[in-house]
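A short worksheet on the structure shown next.
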Amino acid sequence: MRRNARRLVFDFDDAVMLRDSFDRRGPHSARRRARFARIVRAADVVIAGNDYLADQALRAGASAETVCTIPTCIDLSRYAVKSANQRDGPPELVWIGSSSTLKGLEERRDLWERLGAEIPGLRLRVVCDRFPRFQNVEVVEVRWSDVDEARDLAMGDIGVGLIPDDDWSRGKCGLKILQYQAAGLPVIANRVGSHLEMIEPGETGFLADDVGEWAAAITAAADRSSRARMGEAARRQVEEQYSTAVWGPAFAAAVTGVDLRKSGAEARSHSYNPCFNREKPWAVGGSRATPAAPSSGRRVRRGSE
């Protein structure tokens, strides 16, 4: 690939240098790390979905000038904002994902059984290709389809994010969270990886780990007006920070090496690389990248919020 590519771009949004959370062999693989290192060292541009992944590329030997963080983004035109409903009882939680990530939900069976015991009538809408079974929580089975997923999400009241606390999960880029927020839903998620950046407690949802925190979050979100307020704030956050409209130009510039926002001779003569140098390794939950045009014309500025 390197010999035959005029410009080689590596775009990744998972911790591909590791095995996944549920692999019986454990997360670390010398073969995967070696392959990952060869790719990021050879690429002209490495696009990482979050700061943790960007740091992994740098540790593997990628040049700082080639690495940039561009978050996973949502096409908001696909997601209608949830309209208010008058469902009686506790708010209906909703989770979306695949069979593989459903294991993270099933691993916390103790959490769900205790929540169901504390909150009678609790329901969990699961949009997937298979479904869990809990004794104390009613599971609403919704078979996933690309055509209907946005509508199916908006029929729930609160999005759920629940991933293992490990290095593989820290590489996750929060697509579930963005989908809930695009649908105008507040989110409850555990304190791991991208959840820490995407959820503002009390503003767009809640962060919760143990049963008490989850129960308190669900209770706090039971008020319809509070859910509506947080859902609106969550949607605005996606519009401003995680939409394809906002990040499209930066992604195009990274892939092509040319700032497509410029025109004519200026665009042809000015090579643009929206990357950055790192003065120190970035930990999970560090400062966010922003899609602002770089003042130097060479590197994306990094926000401090």
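The values are calculated or read from the model by the stated rules, or taken from the named source; none is laboratory data. Computed from a prediction, not measured in an experiment: that's the story for all the values here. All Cβ positions, even for glycine, are placed from backbone atoms using ideal geometry, and neighbour counts span all protein chains on display. The accessibility values were calculated without ligands, DNA or RNA, using every heavy atom of the protein model including side chains. Shrake-Rupley method; radii C 1.70, N 1.55, O 1.52, S 1.80 Å.
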If r is the Cβ-Cβ distance from Arg78 to Arg6 and R0 is 41 Å, what FRET efficiency results, to the nearest 0.05? 0.80
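Once you keep just the Cα pairs under 8 angstrom separated by 6 or more residues, what percentage relative contact order results for region 143-264? Working shown, then result.
Details: 147 pairs, mean separation 26.2, N = 122.
It comes to 22 percent, rounded to a whole number.
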Theoretical gain in end-to-end length, Arg109 to Glu232 [0.36 nm per residue, Cα-Cα removed]: 41.2 nm
Rough spin-label spacing in nm, given labels placed 7 Å along Cα→Cβ, for Ala150 and Ala245: 1.2 nm
Carbon/sulfur fraction of accessible area - region 17-77, other protein chains in place, 1.4 Å, %: 46 percent
Roughly how much of Tyr79 is accessible, in Å² to the nearest 10, using a 1.4 Å probe? 10 Å²
Over region 66-221, with the other protein chains present, what is the accessible area per residue in square angstrom, probe 1.4 angstrom? 40 Å²
